[in-house]
1. Pairs under 7 Å by beta carbon, first residue farther than 16 Å from Arg92 by Cα and at pLDDT 95 or above in region 44-60, partner of a type in the set (Asp, Glu) and outside any loop (DSSP other than H, G, I, E, B), six or more apart or different chains?
2. Given the conditions (1) in a loop (DSSP other than H, G, I, E, B); (2) hydroxyl-bearing (Ser, Thr, Tyr); (3) in contact with a strand residue (DSSP E or B) (Cβ under 9 Å, 6 or more places away or on another chain), which single one is not true for Ser174?
3. Looking only at region 51-90, which residues are crowded, with 24+ Cβ neighbours inside 10 Å and among the aliphatic types (A, V, I, L, M)?
4. Inside region 238-268, can you point out the residues that are surrounded by fewer than 19 Cβ atoms within 10 Å (Cβ to Cβ), touching an Asp or Glu at 6+ places or on another chain (Cβ under 9 Å) and free of Cβ contacts under 8 Å to residues at least 40 places away in the same chain?
5. So Ala205 ticks every box in (1) of a type in the set (A, V, I, L, M, F, W, C); (2) assigned to a loop (DSSP other than H, G, I, E, B); (3) free of Cβ contacts under 8 Å to residues at least 12 places away in the same chain but one. Which box is left unticked?
6. For Ala138, work out the one condition from (1) over 27 Å from Phe32 (Cβ atoms); (2) crowded, with 20+ Cβ neighbours inside 10 Å it doesn't fulfil.
7. Identify the residue in region 51-109 that is charged (D, E, K, R) and out of contact with any Cys (no Cβ under 9 Å at 6 or more places or on another chain) and, among all such residues, is farthest from Asp143 (Cα to Cα).
8. Of the residues Pro207, Pro176, which is over 21 Å from Ile118 (Cα atoms) and modelled with pLDDT under 95?
Amino acid sequence: MTALVVGVCALVLPSVEEPMVVRLWEGGPPGFEARRDEPEQAQDYWVKNIHHPSLTVFLPPPEKATGTAVVICPGGGHRLLVYNAEGVEAARFLNELGVAAFVLKYRLGREEGSPYQIDVHARADGLRAVRLVRSRAAEWGIDPARVGLMGFSAGGEVVSMVALGSEAAELEASDPVDRLNGRPDFGIWIYPGPLGIPEALPPEAPPAFLLVANDDRGAARSVMSLLAKYRAADRPVEAHILAGGGHAFNMGKRSERVSVRGWPGRLAEWLADLGYLDRGSR
């Protein structure tokens, strides 16, 4: 509680509750446990120096909760994470829809001096995040069959590696979390990079939402590649190619373009069409 003194009266105001932070591995990521206590670095819009990957938990109000969940992977070129604009803001938007959101701080393979590999450690963090959410579904009021994965830019590459890569639960793993399915039930790619897009989709590729600006040449190629592969595999996909907006427009709030500011509405419509905004079993 926070005390506010006005004249001789002390008013007690409720404090804003901080979101829960859950470590992907309590003892630190396997093989890098010794670095788990190194502090993160954060300034303005970014976070980096992540050696103890985590999920920040944003739950919707109980009266809105649908039982659907989304793990969010911010972008930042694998050098940093655009944590607020591509993490917290996305989580707050999803909460308004009744969707539980979990912002992933994953290890950064291109940060200066990094010991990590994108296709190994960022992918491992994404898989573990989906599994961890499923493992605590009852606690968080989530249907474990309604867990999606969303990524912006480099975070979209994490989505590709997790959602479209070869994945099997480690049935012999000593940690029960690692025995759960790590493939998301749906994937959301927002101006994604090219890493992790396979030559052909796995048969179980999840339904996809793709969005990019036409003048974002690199990410537009990624989206067109994903769209072609989804169509060839006859898997569910919805794609939006905006006329302009460039790269890294986040949730669209700072853009002058109406279409960019309105893109989150297209995502809400897609989630509704798939039934993920209906109140499901929880």
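The values are calculated or read from the model by the stated rules, or taken from the named source; none is laboratory data. Not measured: the values here are computed from a predicted model. Here the Cβ positions follow ideal geometry from the backbone for every residue, glycine too, while neighbour counts run over all protein chains shown.
1. Within 7 Å, the pairs are Pro53/Asp125.
2. With respect to (1) in a loop (DSSP other than H, G, I, E, B); (2) hydroxyl-bearing (Ser, Thr, Tyr); (3) in contact with a strand residue (DSSP E or B) (Cβ under 9 Å, 6 or more places away or on another chain), Ser174 is out only on (3).
3. Leu55, Ala69, Val70, Val71, Ile72, Leu81, Ala90
4. Glu238, Ala243, Gly244, Gly246
5. Only one criterion in (1) of a type in the set (A, V, I, L, M, F, W, C); (2) assigned to a loop (DSSP other than H, G, I, E, B); (3) free of Cβ contacts under 8 Å to residues at least 12 places away in the same chain is unmet by Ala205, namely (3).
6. With respect to (1) over 27 Å from Phe32 (Cβ atoms); (2) crowded, with 20+ Cβ neighbours inside 10 Å, Ala138 is out only on (2).
7. The initial filter retains those residues of region 51-109 that are charged (D, E, K, R), namely 63-64, 79, 86, 89, 92, 96, 105, 107.
Still in the list and also out of contact with any Cys (no Cβ under 9 Å at 6 or more places or on another chain): 63-64, 79, 89, 92, 96, 105, 107.
Values: Glu63: 16, Lys64: 14, Arg79: 33, Glu89: 23, Arg92: 19, Glu96: 18, Lys105: 23, Arg107: 27 Å.
So the residue we want is Arg79.
8. Unique residue meeting the criteria: Pro176.
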